[in-house]
Ligand SMILES: [Zn+2]
Ligand SMILES: [Zn+2]
């Protein structure tokens, strides 16, 4: 059904980003022209063991490759650009983004050795791009990274506006004001449909200005007697700027640690989005040569990630930096839902080694504000754009619902609000919208270098392994008569502590022997059935004894 090719009308759908946080990818199609907005990734849930990242299923776009006019990027966050190195491999189309966004993309493509084969066009908020029968223009928005834009798409059926991620910040850190006048102007010209960021649709009020974080950071720096270590998102360049400013104001040298942080600082400085005094930065090696009150460290690990620099410092396993009693550690970020426990654990660990920790979801100390608009910001956007139809995007189902209610409250008619899942198609013709057929969507799991080669069965195996361990049963048979020459030998990992379970394993051994004898007497010699019999008998026995279901792997060898 995905091969429905020519749509005479205007249609809008998501390949990712609805009922989830991450892998944002929205599609606008008019006739034979397809425009894609963003190509993000998502970090895997706990149930996706061993999976590195998740990207959208782009089957529809690959099947309609000749119609795809380009991918427009709203800003440089991973959930908007992170899928590109994988997606462009199958879908070689031009990409459009602002200077900073493109700088971050180019770094990714260079690492993936794809820089030369990708057509990249740098835009600014004054650019106008013809994409087949559609025309794209842009407006600046405030977000936790500079150079973020919303997209206005003029189509023959009407105007479609996509906000990207945004909030309204009246005192932005880098002077990059949102183009509110432009939004109002677009609204005045008439908008058929608005797609708007729902991340904070459940939060009342306005989202605070990023500048307030700078004031709080500065206050903590002022009081600190020893070293100051700030953990924040590598993706939040405004926050990074404010840490730089606080360090510089208090005459501290700043060391940057964590691969992604170093990378963003370099790109930000190179492209002019970070202003860093020339003598401010030091190498982590130099930290111990300076007095403690002259040092600040900016690090990744605000989410308690096991391998991050801060977590390793807290555990005493970082090669260069150790947390010392009296150090001040600032978590200038809130835990993303799901990370609360690991953050709490890292905070505990830091207190144990004697650090003064500034955390608590940032609210108490004001060392974090969101980059996404709260309810009043969202209403303001709706009032500026004044769309006829509304599709809330970027968010889990309840956030989309909450955003829908906000839209109603500012006067959008309830029947004109479309709460969608990925793949739900909204069609517009003669100024009217309705649900159309469904587009294929899904998650493509990326495990190391493999793209999409890990499916449900592999995941099920990993889940079993992680929960109940594995049992390997090795039996050697004689080639001529099928008699057991050696074994069964049972090797287990992650299942039971072998020394305390000798009896259990002995019994397991006997069960295998019995099963093999039974099979022999029944003339079963086919390996597959032999293995199945062993697995079934052993699994039943182990479950009765331990209430666990380890993965059982029979290996039969013939000599
Ligand atoms: Zn973002
Ligand atoms: Zn986002």
Based on the Cβ-Cβ distance of residue 543 and residue 352, what FRET efficiency does E = 1/(1 + (r/R0)^6) give at R0 = 56 Å, to the nearest 0.05?
0.90
Computed FRET efficiency, Cβ-Cβ of residue 260 and residue 479, R0 45 Å: what is it to the nearest 0.05?
0.20
Give me 372, 394 ranked fewest to most by other Cβ atoms within 10 Å of their Cβ, as a rough exposure proxy.
372, 394
Take residue 251 and residue 211, extend 7 Å from each Cα along the Cα→Cβ direction, and tell me the distance between the two endpoints in nm.
2.8
If each of residue 119 and residue 528 carries a label point 7 Å out from its Cα toward its Cβ, how far apart are those two points in nm?
5.0
Could you work out how far apart the two model spin labels at residue 189 and residue 89 are, taking each label as a point 7 Å from the Cα in the direction of the beta carbon, and quote it in nm?
3.9
When only alpha-carbon atoms are used, what values of Rg and Dmax, in angstrom, describe the stretch 348-409?
18.0, 57
Burial ranking of peptide ranges 282-290, 178-186 (average Cβ count within 10 Å, highest at the top)
178-186, 282-290
Give the order of 524, 367, 426, 473 when sorted by the count of other beta carbons within 10 angstrom, beginning with the fewest.
524, 426, 473, 367
How big is the stretch 469-558 on each of its three principal axes, counting only the C-alpha atoms and giving the largest first in Å?
38, 20, 18
Tell me, 221, 138, 351 in order of fewest to most beta-carbon neighbours within 10 Å?
351, 221, 138
Can you compute the label reach from residue 517? Point 7 Å from Cα along the Cβ direction, backbone N cut-off under 18 Å, restricted to the stretch 537-559.
537-538, 541
On full extension of the chain, what length is gained from residue 435 through residue 345, given 0.36 nm per residue of separation minus the C-alpha to C-alpha distance?
27.8 nm
Counting DSSP beta bridges with both ends in the chain, the antiparallel % (nearest 5):
55
Roughly what % of Cα-Cα distances in the stretch 74-129 sit above 14 Å, to the whole percent?
49
Once fully extended, how much extra length lies between residue 398 and residue 270, figured as 0.36 nm per residue of separation less the alpha-carbon to alpha-carbon distance?
42.0 nm
Report, for the stretch 470-559, the % of DSSP beta bridges that are antiparallel, rounded to 5.
45
Per DSSP H run of n ≥ 4, the term is -39500 (n - 2.57); total these for the chain, divide by its residue number, and report the mean residue ellipticity at 222 nm rounded to 500 deg cm²/dmol.
-9500 deg cm²/dmol
I'd like the antiparallel share, as a percent to the nearest 5, of DSSP beta bridges with both residues in the stretch 25-126.
40
Residue 63 to residue 509: extension gain in nm, 0.36 nm per residue of separation minus the Cα-Cα distance?
155.2 nm
Quick one: if the Förster radius is 45 Å, what FRET efficiency do residue 292 and residue 500 give, using the C-beta to C-beta distance and rounding to 0.05?
0.40
Among 409-416, 191-198, the order from most to least packed when residues are scored by Cβ within 10 Å on average
191-198, 409-416
Cα centroid of the stretch 177-222 to Cα centroid of the stretch 370-409, whole Å
12
I need to check one value: relative contact order of the chain, counting alpha carbon pairs closer than 8 Å and at least 6 residues apart, in percent.
15
Which order, highest average first, do 82-95, 116-129 follow once you tally other Cβ atoms within 10 Å for each residue and take the mean per peptide?
82-95, 116-129
Using a cut-off of under 15 Å, list every residue of the stretch 136-179 whose amide N is near the label point 7 Å from the Cα of residue 376 along the Cα-to-beta-carbon line.
167-171
Computed over the Cα atoms of the chain, the Rg and Dmax in Å are 28.2, 88
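Laboratory data are not the source of any read-out in this text; all were calculated from the coordinates shown. What you are looking at is a predicted structure, and each value in this text was computed from that prediction instead of being measured. Quick reminder, even Gly has a Cβ in these numbers, built from the backbone with ideal geometry, and neighbours come from all protein chains shown.
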